[in-house]
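The values are calculated or read from the model by the stated rules, or taken from the named source; none is laboratory data. Since the structure is predicted, the reported quantities are computational estimates derived from the model, not experimental observations. Heads up, the Cβs are rebuilt from the backbone with ideal geometry, glycines too, and the neighbour counts pull from every protein chain shown. Accessible surface is based on the protein model in full, side chains and every heavy atom, while ligands, DNA and RNA are left aside. Shrake-Rupley method; radii C 1.70, N 1.55, O 1.52, S 1.80 Å.
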Amino acid sequence: MPADAAPGPDALADLYTAHLRDRPDDTVLIDDTGALSYRGFDVLCARSARWLAAQGIAAGDKVAVWLPNRREWPALLFALARLGATLVAINTRYRSAELQYILARSRARMLVMQPSFRKIDFPAVLAGMAPDALPDLQTIALVDAGSDRPGRVLGRDTVAYPPAIGNGISNGKLAAEPPSARPPDPTHPVILFTTSGTTQGPKLVMHSAATLLAHSRQVASAYGLHEPGARLLAALPLCGVFGLNGVLAALHGGAPVVMMDLFDAPRAARLLRDERITHAFGSDEMMRRIAELAPGERPFPHARVFGFASFSPGSAELVDTLQQRGFPLRGLYGSSEVQALFSLQHPGLPAAERALGGGIPASPHAQVRVRDPAGPELCAPGVHGEIEIRAPGNFIGYLDNPDATAQALTTDGYFRTGDLGYLRPDGSFVYLSRMGDTLRLGGFLVDPAEIEHALSRLPGVRNAQVVGIDLDGQPRAAAFVIADPGVAAEDLLAPLRASLAAFKVPARLWLVDEYPTAASANGFKIQRARLRQMADERLRHETPA
């Protein structure tokens, strides 16, 4: 056991302390650095907590983590939870406008990042931010910076985050006991996820140690991550719930995690085979690309659960085709508010039903109901309406946004998902689509208002409206813009590419003189449905390249 006190009832480290006690030298995760044992992981968490405390991070502080998948990511989460601080999860695909918004909105005191990753130049992204817009940010910590670490970035001092610790370093070599201060309030947020906002930027979803613990334990049990031989391929980014929830559940279940820093289909196919992976979660497109690269009638004989979210047409055909090759594909459901892997379709369902989102909740204590959007009545099985969820893993609110939190919850504590679906007679449910205009781009939910706001700030733009389109089988964004004379579409797209994640940049931008409108009791409203029709018409009349 580590030198510091054993975790208490609401300590996040409770997820893995039983394995640390009973089999400390077993492998907990494998990344590009190699294998890491439970003992080595706990040492890394403790060392990170001591380092954070030495940098002045204390209970109540926020630390933003802008890293790809690597062992330091979960270690920072557990270290911050131990201090009573909060991790702010940031997508590595975010650019200056998004990063600045989240740092300012969360009031993060520290940003942990690495100078470069693949083709991403993180310092260049930081250069596009206004230093005076981040009054709370005090320190930038660099991972793998090397000896040429810059002295200052964004006008802040930089520090070097400690390198990863291998299994050969024992607890006895630690210089001192790590801090063991824990938040007395079980509702203290240990992590903030970003989710699509309704105005200028995303909301920050708060989860506590209690909600993460409750959900991870149920997922591990319900999906077999506690069973002998279970192994998880972590191919999704840890900054989102679909990536992190799988890793936390595997950590609790005792299943080694094989971590990819970035999804790459050929490498994923090799890892699934060579590492004897039993569990994997991703999108239908990820599964399709893996299948194309996997030779043989049954390329992954160890596969048990491949959960996926459907983002494009043809998922039923995909499930039907691949089940003959041993791909155990099952539709799932989740969100930042109720956490990912919330539910999974039953393996015995026909392919067409098994491909749908939704399924049976992992937690036996979860309650799902469907409400008529036009009134207060609950819907009978088979009748479409808005999905509402109450479960032990539900979020504890949106950061500093009590109005949005109140609007998202019913008076009896159910989360209004904003998703359209229906109940089955057996108690499971089916997710059909978002009820509003929220777009699903690059595997993430994006409110069009976020892109519209970025466009409206550009010189010469009078108004912008964004809708979803289907381009070459992929969901993309398209923008209709009213601009001053002389403004060209490329003049607007170029700055967007520098400030927004690539998947948010409109694939098409059309300049128009006016929008289709309709009169209502509240004045004239833009007809977004008509804009979507206009976008489809323009795409059909495009000249093939």
Task: Unit charges at the beta carbon, dipole of the range 242-312: most positive-side option, Pro299, Leu262, Ser283 - done: Pro299
Open item on the list: Principal axis extents for the range 22-174, Cα atoms only, whole Å, descending order, please.
Closed with: 49, 34, 25
TODO: Any chance you could count the Lys pairs in the chain whose alpha carbons are under 30 Å apart, treating pairs 8 or more apart or on different chains as valid?
DONE: 9
Task: Cα lying deepest toward the dipole's positive end in the chain, options Ser37, Phe122, Ala18, charges on Cβ - done: Ser37
Task: Label zone at Thr517 (point 7 Å along Cα-to-Cβ), backbone N below 20 Å, the range 462-487 - done: 462-467, 480-485
Task: Spin-label model distance (nm) - Arg540 vs His302, 7 Å beyond Cα toward Cβ - done: 5.0
Task: Unit charges on C-beta of K, R, D, E only; dipole of the range 64-170, Debye - done: 220
Task: Normalised per residue, the volume of the convex hull around the Cα set of the range 413-488 (Å³) - done: 125
Task: Relative packing of peptides 120-133, 340-353 - highest average C-beta neighbours within 10 Å first - done: 340-353, 120-133
Task: Stokes-Einstein diffusion coefficient of the range 201-306, Kirkwood radius over Cα pairs, 10 °C, 1.306 mPa s, in µm²/s - done: 111
Open item on the list: Using just the Cα positions, wrap the range 391-545 in a convex hull and report its mean projected area in square nanometres, one decimal place.
Closed with: 13.5
Task: Nearest-0.05 FRET efficiency for Ile526 and Arg21, computed from C-beta distance (R0 60 Å) - done: 0.50
Task: Dipole of the chain [Lys/Arg +1, Asp/Glu -1 at C-beta], most positive-end residue of Leu423, Val63, Leu500 - done: Val63
Open item on the list: Run the helix sum for the chain: -39,500 (n - 2.57) per DSSP H stretch of 4+ residues, divided by residue count, reported at 222 nm to the nearest 500 deg cm²/dmol.
Closed with: -8000 deg cm²/dmol
Open item on the list: Could you tell me the ratio Rg/Rh of the chain? Both radii from Cα atoms, Rh via Kirkwood.
Closed with: 0.96
Task: Mean Cβ neighbour count within 10 Å, used as a protection proxy, ranking 241-253, 454-466, 57-69, 482-494 highest first - done: 241-253, 57-69, 454-466, 482-494
Task: Carbon plus sulfur fraction of accessible area for the range 297-370, probe 1.4 Å, in percent - done: 54
Task: Size of electric dipole in the range 219-343: Cβ of Lys, Arg +1 and of Asp, Glu -1, about Cα centre, debye, nearest 20 - done: 300
Task: Efficiency of FRET between Glu227 and Leu432 - r from beta-carbon atoms, R0 30 angstrom, step 0.05 - done: 0.40
Task: Bins of 5 Å, starting at 0 and running to the largest distance - Cα pair percent for the range 260-300 - done: 5, 24, 38, 28, 5, 1
- [ ] Kindly provide the Kirkwood hydrodynamic radius of the range 213-260 in Å, to one decimal, from all pairs of distinct alpha carbon atoms.
- [x] 10.3
TODO: Give me the Debye-computed log₁₀ of I(q)/I(0) at q = 0.20, 0.22, 0.26 Å⁻¹ for the range 69-135, equal point scatterers on Cα only, no solvent, two decimals.
DONE: -0.90, -1.05, -1.28
- [ ] Determine the dipole magnitude for the chain: charges of +1 sit on the beta-carbon of Lys and Arg, -1 on that of Asp and Glu, nothing else is charged, the reference point is the Cα centre, and the result goes in debye to the nearest 20.
- [x] 580
Task: Overall dimensions of the range 325-483 as given by Cα atoms, namely Rg and Dmax in Å - done: 17.9, 56
Task: Whole-number D in µm² s⁻¹ for the range 6-57, Kirkwood Cα-pair radius fed into Stokes-Einstein, 10 °C, 1.306 mPa s - done: 132
Task: Inter-label distance, nm, simple model (7 Å from Cα along the C-beta direction), Ser456/Arg107 - done: 2.6
- [ ] Could you work out the mean projected area of the convex hull around the alpha carbons of the range 1-101, in square nanometres to one decimal?
- [x] 7.3
Task: Solvent-accessible area per residue for the chain (1.4 angstrom probe, square angstrom) - done: 41
Open item on the list: Order 219-232, 12-25, 85-98 from most to least packed using the mean count of other Cβ atoms within 10 Å.
Closed with: 85-98, 219-232, 12-25
Open item on the list: Given the C-alpha atoms of the range 260-371, compute the convex hull and give its volume per residue in Å³.
Closed with: 123
